[in-house]
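Asker: Okay, handing you the structure first.
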Amino acid sequence: MSLIDKVTQSIYIDGEWLKVDEAHSDIIYNPAILEPLTTISAGGEAETKKAISAAHRAFKSWGSMSGRKRSRILYKAHELMLADAERLGEILTMEQGKPLKEAIGEVKGAAGFLLWYAEEASRSYGEWLPSSVRSKRMIVMPQPVGVVGAITPWNFPSSMITRKLGPALAAGCTVVLKPAPETPLSAIEIVKIFEQAGMPPGVVNLVTGDAEAIGQEMLSNKHVRHITFTGSTAVGKYLMRESADQVKKLSLELGGHAPIIIFEDADLDKAVSLSLASKFRNNGQTCICANRVYVHESVAETFQTKLQKQVETLKVGNGLEEDTDLGPLINAQAKDKVQTHLDDAMQKGADIVCGGDTAEQPDSYFMSPTVLAGVTDDMRIMREETFGPIMPIQIFSDEQAVIEKANDTDYGLAAYFFTENTSRAIRVSEALDYGIIGVNDVFPAVPEAPFGGVKQSGTGKEGGHHGMDEFLEKKLVSLGIES
Ligand code: NAP
């Protein structure tokens, strides 16, 4: 039996799946073999309007339901997702390209967000504030914001959805979800899981299709009180500008340009294997993956030699094949961008340590993992998000100077460094101007901790109790009493 039907219902409003009208449809491709996977609905303004109305109606009962009741549905969804992780992982690999082991890991991580927020649903505490006068009592009541518009990217088609929907639903909000056009199938599966878990109609709605039309309706419809977006900084800025008119709440998880610094006192073996894991996970298409590496001059040669050895063992191929380490890039546009960064670096004098033979498979979206030495600050790869499997290495000699280089960017999502010196670990963590710092660690995205950037990498947090706070208004009740 095929995992994916030829035609897939992809618009879900008020508990009903809309039939796919082939006159308004999109074809979804497998980026590894460039063949169609299925056809889905292309919705727009009308469908989004309907979905928002359904979410608005459902908010009355969902928002006032006890946290414990909401928790049970989220917990059930978590269980269903975990039990089906292998099948969901296969679907994810087919639409997105990442190796199956990474895809199954992502699905399990996505289920982890549902578990965490199932637990948090009963814990939206308020405050009782001491009043400055005897005749008053001050209560701070957390209340769900209302209808949430959620827009997600293709690079983590499963976990980017549960990281938003978990806290929004736990807080008592209802949702209209618009997934990325490249990877709607994981979104569809997640919505089916919610349906199976007993989510009441209208609480979660899904609209696939025309991003501009769907986004415009989310922005202009007064029932949408919060927009939560993960994607590029350019689209994030657009949403920020356009939501000003109604002063909507916004959470923005945007692009990054993460530095990794290898200090002279680092555990080099750990630094090599984790730098490699950070850079080449999901083929470099991760917002927090290393975009540039700075190595101290005293360990540079050893680091580079060890790294090269490991990179040369990585296997590029179809993510469904068991020994694949790097799948394809998501599409031709993504491949062109990575190639442009590579060409620019080569023209400006970079040296290829390994890889670089990207042009050998011109008709596919595959690229070889590549390490570059001799890179300079004027190269695009050192300033712009590459989103591909190229690791540029620069040598440094001074702690303060490397911190300044690391901070010299408009992005501020994640930064990493390796050291065995505790004082340096604290000092450098404090000095790096980023929302997330990894010290001897490159996997900071976990359900229990706040994840989010500063500067042009975004605003707001996902994960932890901080993630649920985004979806709660703090209402003040000022109570006059006879004293
Ligand atoms: P993108 O082009 O900004 O798209 C993200 C989502 O926004 C897609 O669903 C897209 O749909 C939609 N969109 C685009 N224009 C829109 C509009 N005018 N109104 C409403 N929705 C609109 O980003 P991407 O290429 O999918 O994802 C890669 C980017 O995401 C990278 O920059 C990466 O760093 C960032 N990212 C950040 C995080 C984080 O946590 N900070 C996590 C993952 C990814 P269409 O494609 O149909 O336009």
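The values are calculated or read from the model by the stated rules, or taken from the named source; none is laboratory data. These numbers come from a predicted model, not from an experiment. Backbone-built Cβ (ideal geometry, glycine too); neighbour counts: all protein chains shown.
Asker: What single numbered condition from (1) modelled with pLDDT of 95 or more; (2) of a type outside the set (Lys, Arg); (3) in contact with a helix residue (DSSP H, G or I) (Cβ under 7 Å, 6 or more places away or on another chain) fails to hold for residue 33?
Answerer: With respect to (1) modelled with pLDDT of 95 or more; (2) of a type outside the set (Lys, Arg); (3) in contact with a helix residue (DSSP H, G or I) (Cβ under 7 Å, 6 or more places away or on another chain), residue 33 is out only on (3).
Asker: Checking the condition without any contact (Cβ under 8 Å) to a residue 12 or more places away in the chain and either out of contact with any helix residue (DSSP H, G or I) (no Cβ under 9 Å at 6 or more places or on another chain) or surrounded by fewer than 19 Cβ atoms within 10 Å (Cβ to Cβ) (or both), which residue from 297, 301 passes?
Answerer: Of 297, 301, the one residue that is without any contact (Cβ under 8 Å) to a residue 12 or more places away in the chain and either out of contact with any helix residue (DSSP H, G or I) (no Cβ under 9 Å at 6 or more places or on another chain) or surrounded by fewer than 19 Cβ atoms within 10 Å (Cβ to Cβ) (or both) is 301.
Asker: Quick one: residue 253 ticks every box in (1) under 18 Å from the mean Cα position of the chain (by Cα); (2) of a type in the set (D, E, K, R); (3) more than 10 Å from the ligand (Cβ to nearest atom) except a single one, so which number is it?
Answerer: (3)
Asker: Of everything in the stretch 247-266, what is at positive phi and of a type in the set (Ser, Thr, Tyr)? Give them in sequence order. Lay out the reasoning, then the answer.
Answerer: Going residue by residue through the stretch 247-266, those that are at positive phi are 247.
The answer is none; no residue qualifies.
Asker: Then there is this: Testing residue 422 on (1) in contact with a Cys (Cβ under 8 Å, 6 or more places away or on another chain); (2) more than 18 Å from residue 279 (Cβ to Cβ), one condition comes back false. Which one is that?
Answerer: Checking residue 422 against (1) in contact with a Cys (Cβ under 8 Å, 6 or more places away or on another chain); (2) more than 18 Å from residue 279 (Cβ to Cβ), the one that fails is (1).
Asker: Can you find a residue that is closer than 20 Å to residue 196 by Cα, buried (at least 23 other Cβ atoms within 10 Å of the Cβ) and either outside the structural domain of residue 286 (by TED's automatic domain parsing) or in contact with a helix residue (DSSP H, G or I) (Cβ under 9 Å, 6 or more places away or on another chain) (or both) anywhere in the stretch 42-53? I'd like the intermediate steps shown before the answer.
Answerer: Looking only at the stretch 42-53, we keep the residues that are closer than 20 Å to residue 196 by Cα, and these are 51.
Checking the rest, the ones that are also buried (at least 23 other Cβ atoms within 10 Å of the Cβ) come to 51.
Then keep just the ones that are either outside the structural domain of residue 286 (by TED's automatic domain parsing) or in contact with a helix residue (DSSP H, G or I) (Cβ under 9 Å, 6 or more places away or on another chain) (or both); that gives 51.
Yes, the stretch 42-53 contains at least one residue that is closer than 20 Å to residue 196 by Cα, buried (at least 23 other Cβ atoms within 10 Å of the Cβ) and either outside the structural domain of residue 286 (by TED's automatic domain parsing) or in contact with a helix residue (DSSP H, G or I) (Cβ under 9 Å, 6 or more places away or on another chain) (or both).
Asker: Would you mind stating whether residue 111 is in a helix (DSSP H, G or I) and more than 18 Å from residue 325 (Cβ to Cβ)?
Answerer: Considered against the rule, which asks whether it is in a helix (DSSP H, G or I) and more than 18 Å from residue 325 (Cβ to Cβ), residue 111 comes out as yes.
Asker: Among the candidates 137, 70, single out the residue that is over 19 Å from residue 167 (Cβ atoms) and in contact with a Phe, Trp or Tyr (Cβ under 9 Å, 6 or more places away or on another chain).
Answerer: None of the others qualify; the one that does is 137.
Asker: Quickly run through the stretch 454-483 and pick out the residues that are assigned to a loop (DSSP other than H, G, I, E, B), touching a Phe, Trp or Tyr at 6+ places or on another chain (Cβ under 7 Å) and at negative phi.
Answerer: Those that are assigned to a loop (DSSP other than H, G, I, E, B), touching a Phe, Trp or Tyr at 6+ places or on another chain (Cβ under 7 Å) and at negative phi: 454, 461.
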